[in-house]
Amino acid sequence: MTKSAVGKFKSAAVAAVALAVCAVAPAKAQDKQITIMLWGTVWQSSFKEISENFTKDTGIKVAVETQTSAPEGLVKLQAMRAKPSVDVWFTTLSVASRAAVDNTLFAELPLAKMDNVPQVIPGSTTKDWAAIAAFPLVMLYRTDMIQQPLNSWEDLWKPAYKNKLAMPNMAMYQARMLLLSATLSGGNERNIDPGFEKLKALKPNVAMFYSSDAQARQALAQGEVAAVFAPPMQLRWLNEQGVPAKAAALRPAPLEFDVAMLVKTGKEDMGAAYVNYLLRKDVNEFMAQKRNIGPVNVGAKVPDSLADIMPPAGQGLLYDENLVNASVPAWTERFNREIAK
């Protein structure tokens with residue numbers, strides 16, 4: 001982000017903020033504090049300055065609780081169902097799709113009152129959740145182990161990659177590798193058989209099916225594998241650790257979102273004001289730059305490191321999340337039986 005852009009972010013126009021906050025004004029003036037739940041230290045550092053500026057502009061303080069993963073966060077919220085202490089929950093698209101059916105725990109977003117919603121990627125926001133960041137799934141590869149750059153997804157099936165790949169299991173990224181395989185074979189979420197057949201053909205090249213981002217990062221960092229199907233923001237960590245890695249942005253690109261949901265606590269108006277604030281062009285751009293992730297506001301600048309990686313708006317692979325969510329248990333059982341055994 002340029003110096004002037006950061007300056008604009010820090011000196012956010014009071015009139016614009018006032019309009020956004022008034023549109024979803026808190027029902028009660030007292031207790032002007034919300035609690036958000038999100039991932040660990042990297043995410044917290046990204047949100048710290050944003051939250052401080054939000055407080056300056058609105059008077060609403062922001063406290064933080066942490067989760068190690070989106071599924072773990074959902075379990076925590078369900079455990080505190082009687083009296084939730086979290087007002088805004090940050091999660092993944094796949095987990096949000098599962099959680100949204102619980103309308104006693106989660107509240108709908110007042111989209112008509114959130115003036116930044118019309119500025120975001122079409123399809124990235126629903127009444128149940130609002131995407132705050134977008135990212136494609138790419139192949140991260142070690143340049144000291146793979147000299148020939150990956151040019152297409154089909155390259156992964158070549159004999160040269162035998163026992164060199166790390167791929168996610170069905171629980172990671174809501175079966176996106178299976179769905180991508182189906183897409184490459186003429187199938188889709190409604191016709192998944194071609195995906196299973198293509199994954200079976202890939203199995204000789206897969207050294208591991210991983211179950212966490214940390215497991216995949218470590219395997220690549222230690223040279224146990226040469227390439228990993230993963231989000232591009234993992235690249236920064238790898239490079240900071242001295243791992244010679246690059247990202248291959250292959251097309252078509254499965255697109256994923258990190259999203260925000262409102263918890264029913266009586267502070268839904270303040271929570272909606274915070275989510276709306278995150279979608280504003282300058283704020284969303286600032287967050288994208290800090291986190292090295294794609295913005296969802298179509299006017300926000302994509303980080304330079306992702307300029308050649310992010311698909312143009314509307315061109316990422318999206319699937320029927322409700323259908324995928326309902327199908328994952330059966331897909332997982334079949335995957336474990338036919339491929340991961």
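The values are calculated or read from the model by the stated rules, or taken from the named source; none is laboratory data. Everything numeric in this text was worked out from a predicted model, so none of it was measured. Virtual Cβ from ideal backbone geometry, glycine too; neighbours counted across all protein chains shown. Calculation scope for accessible area: heavy atoms of the full protein, side chains included, ligands and nucleic acids excluded. Shrake-Rupley method; radii C 1.70, N 1.55, O 1.52, S 1.80 Å.
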- Query: Which of the listed residues, Thr91, Met233, Met270, is farthest toward the dipole's positive end in the chain, when Lys, Arg count +1 and Asp, Glu count -1 at the beta-carbon?
  - Reply: Met233
- Item | Rounded tilt (10° steps) of 321-338 against the dominant C-alpha axis of the chain | 30 degrees
- Note on the structure: Taking the reciprocal of mean 1/r across every pair of different Cα atoms in the stretch 282-341, the Kirkwood radius in Å is 14.2 Å
- Item | Residue of Ser305, Ser152, Ser124 that the Gaussian network model of the chain assigns the largest fluctuation, springs spanning Cα pairs under 10 Å | Ser152
- Message: Under the √(5λ) rule applied to the eigenvalues of the Cα gyration tensor, what semi-axes describe the equivalent ellipsoid of the stretch 158-280? Give them in Å, descending.
- Response: 32, 21, 12
- Message: Under 25 Å between alpha carbons, and skipping anything fewer than 8 positions from Lys83 in its own chain: which lysines qualify?
- Response: Lys28, Lys32, Lys61, Lys127, Lys264, Lys267
- Item | Carbon and sulfur %, accessible surface of the stretch 101-193 computed with the full protein complex present, 1.4 Å | 52 percent
- Message: So, for the chain, what is the accessible surface per residue at a probe of 1.4 Å, expressed in square angstrom?
- Response: 43 Å²
- Could you state the number of Å between the C-alpha centres of the stretch 82-115 and the stretch 224-265? 24 Å
- Task: Evaluate the distance, in nm, between pseudo-label points positioned 7 Å from the Cα of Glu197 and of Lys158 along their respective Cα→Cβ axes.
- Result: 2.4 nm
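Size of the dipole of the stretch 152-276 about the Cα centre, Lys and Arg at +1 and Asp and Glu at -1 on the beta carbon, nothing else charged, in debye to 20?
Dipole size: approximately 340 debye.
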- Message: Report the Cα centroid-to-centroid distance between the stretch 133-195 and the stretch 266-341 in angstrom, as an integer.
- Response: 18 Å
- Task: Can you tell me the 0 to 90 degree angle between the C-alpha axis of helix 14-23 and the longest principal axis of the chain, rounded to 10?
- Result: 90 degrees
- Message: With a 1.4 Å probe and all protein chains kept in place, how much accessible area does Lys203 have, in Å² rounded to the nearest 10?
- Response: 70 Å²
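How high is the FRET efficiency between Gln147 and Lys48 when r is their beta carbon distance and R₀ equals 45 Å, given to the nearest 0.05?
E between Gln147 and Lys48, to the nearest 0.05, is 0.65.
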- Query: Between the helical axis of 281-291 and the dominant principal axis of the chain, each derived from Cα atoms, what acute angle in degrees is found, rounded to the nearest 10?
  - Reply: 50 degrees
- Just for the chain, what percent of DSSP beta bridges are antiparallel, to the closest 5? 60 percent
- Per residue, what volume in Å³ does the convex hull of the Cα atoms of the stretch 182-248 enclose? 101 Å³
- Message: How much of the pair distance distribution for the stretch 208-279 lies past 17 Å, counting alpha-carbon pairs only, in percent?
- Response: 59 percent
- Item | Dipole magnitude (debye, nearest 20) for the stretch 85-196, charges at Cβ of Lys, Arg, Asp, Glu | 340 debye
- Compute the Kirkwood hydrodynamic radius of the chain, taking the inverse of the mean of 1/r over all pairs of distinct Cα atoms, and give it in Å to one decimal. 20.9 Å
- Note on the structure: If one builds a Gaussian network model of the chain from Cα atoms under 10 Å apart, the most fluctuating residue listed among Arg280, Arg190, Arg251 is Arg190
